[in-house]
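Worksheet: the structure to be examined is printed underneath.
Derivation of every value follows stated rules applied to the coordinates shown; laboratory data play no part. Only a predicted model underlies this, so the values are computations on that prediction, with no experimental measurement involved. Positions of Cβ are backbone-derived with ideal geometry, glycine not excepted, and every protein chain shown enters the neighbour counts.
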């Protein structure tokens, strides 16, 4: 178990490093820099600014400087917003994280029961109905569901608002919008996993021993059946976080998505790196959590 | 002793993998309906504008008034938000442009991005996966480790960065083509806009394809006919291209079909965020983004593109699912 965690963490650090390096180089290869653009200053001021952010040095040295500062816990300053990157992230990250977690909860609460029920009633009307609905869920993107929910549900339900991020009621519609597609995937995966487990010998043995239907499903079958779904949840959480840009735009949520898009357009190198670093770390942690959960669910993995 | 008659019967009865798969696919009603829907959407998006433009009047104003197929970029600010009529079949948008022809032209771009990016990702993914699967264990594990690492990177983030980078360089290239090589500027600008998207999505979206291809090669290379080829002394590259690749076409078709909708969705997401398709082109993503701005007053502008867009993705996904059942019966759902 410990060995798995250590090896995954090493790989995770490698992932974050690669991500940072790729972003670092890509954004610097683009024409322009944070100081060219609408707010143009005199040439010597721009020179001075570039020097302050050590943009006048070759890229590898810049990367070295950035990494050294990073190890001291300094993510740098945002050149276009004249604020510390850590301050910007501190203000916008909670909204994104809440949105990500809530939509994951929505996805799991819809997906796993739907998948289990569809598998138990295989080839029935319920099964087909659930799977067609899941397919519709996969095919309708969040920027279609979001505006529709906002215009038809939020207008008619008193507590819900079309846009904004004040009280927990505002979390509901964005989370459903973002979680619907993931929920649909989870339902399909859970159904597949459950079908495989239900046909196995140990389920037949349990049935022969006279285990009740309830215990059969909840104590014996579900543990094995949701393994593929759990393996999917890690990467899915990463997709939810990066996919939240769109939902943040629709519902005007003050999250990190807006910063990512504007930082790319403004060539705000340090803000972009900060946002990407945080995304990368979250993705690695989510994958690690999924791996640990898999080992807990599946004793056979503990040997390896 | 089989008589000649019986032998002939056996020949007729013998079924290739493809006819077998076709029979299985035909039984799947959803897949058949999906094929019909896709054929209809393709016809509408690619053939109808061609017919409509064939003998349309040159003058855009006359054309906007009389011809049944409108110029998608012709604006008429006196006729904004017109409801559907015999004249504008789906009405007009916020700038008085004909929604029907915009929908078809946007569909061309969206489908094109989906298809071209998928082609790129299939070529890269299959080549990478096949080489990894047929190399020594060490090379294989190194190559797949790289895929694992790339898998951990946020796809959307990299696509945005990558496509912006390429499009900056495309600007120089298209200026060069127009000024020095005297290429048609309308043509160059149209495609200079799209190529960054093709490349960025295709070049970053091949990971799943590589994994599937590798698994297929690992499976096939253990079989007897490959061993026979090895013992005949064939070169490794010949075995890979002549004997292994043709045998993985089935599963590859399945995953290709499932990749197209996900790439169309990626394009729409990028366009929605304002970093995808740029004017003068439009795409379904742009129509959806513009539509959602007017959803409270003119829901039609959002709902019509939403229906067409979702229907296309729905049909592609269902067709992919049906193909998987038909071509790759052993694969589990997802």
Gyration tensor (alpha-carbon) shape descriptor, the protein assembly as shown, a/c threshold 1.5: rounded
Per-residue mean of C-beta atoms belonging to partner chains within 10 Å, peptide A:237-248: 3
Listed residues B:299, B:210, B:31, most fluctuating in chain B (Gaussian network, C-alpha, under 10 Å): B:299
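Note down the relative contact order for chain B as a percent, whole number, built from C-alpha pairs under 8 angstrom at least six residues apart.
Numbers: 402 pairs, mean separation 78.1, N = 334.
Dividing the mean separation by the residue count of chain B yields 23 percent.
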Residue with peak Gaussian network fluctuation, chain A [Cα springs, cutoff 10 Å], from A:11, A:273, A:258: A:11
Nearest-0.05 FRET efficiency for residue B:168 and residue B:53, computed from C-beta distance (R0 35 Å): 0.60
Rounded to 10°, Cα long-axis angle of helix B:284-293 versus longest principal axis of chain B: 40
Principal axis dimensions, largest first and in whole angstrom, of chain A by Cα: 84, 54, 29
Rg [Å, one decimal], Dmax [Å, integer] - chain B, C-alpha atoms: 24.2, 85
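Rounded, prolate or oblate: pick one for region A:93-259, where a ≥ b ≥ c are the square roots of the eigenvalues of its C-alpha gyration tensor, a/c under 1.5 means rounded, and failing that, prolate if a/b is larger than b/c, else oblate.
Numbers: a/c = 2.65, a/b = 2.21, b/c = 1.20.
Prolate shape, in that a/c is at least 1.5 and a/b is the bigger ratio.
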Highest-MSF residue in chain B out of B:48, B:288, B:23 [GNM, Cα springs under 10 Å]: B:23
Relative packing of A:197-208, A:233-244, which averages over residues the other C-beta atoms within 10 Å, highest first: A:233-244, A:197-208
Crossing angle, helix A:256-266 versus chain A [Cα axis fit, 0-90 degrees, rounded to tens]: 40
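Hey, fewest Cβ within 10 Å first, where do A:15, A:85, B:188 land in order? List each step's numbers first, then the result.
Details: A:15 21, A:85 25, B:188 18.
So the ranking, lowest neighbour count to highest, is B:188, A:15, A:85.
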Expected 222 nm ellipticity per residue - DSSP helices of 4 or more, -39500 (n - 2.57), all of the protein assembly as shown, to 500: -23500 deg cm²/dmol
Shielding of B:315-325 by partner chains, average beta-carbon count, 10 Å: 1
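Going by how many other beta carbons lie within 10 Å of each one, how would you line up B:284, A:171, fewest first?
On the way: B:284 33, A:171 20.
So the ranking, lowest neighbour count to highest, is A:171, B:284.
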Relative contact order %, region A:93-259, counting alpha carbon pairs below 8 Å whose residues are six or more apart: 37
C-alpha center-to-center spacing [region A:138-202, region B:87-158] in angstrom: 24
For residues of A:142-154, the mean tally of beta carbons on other chains within 10 Å: 5
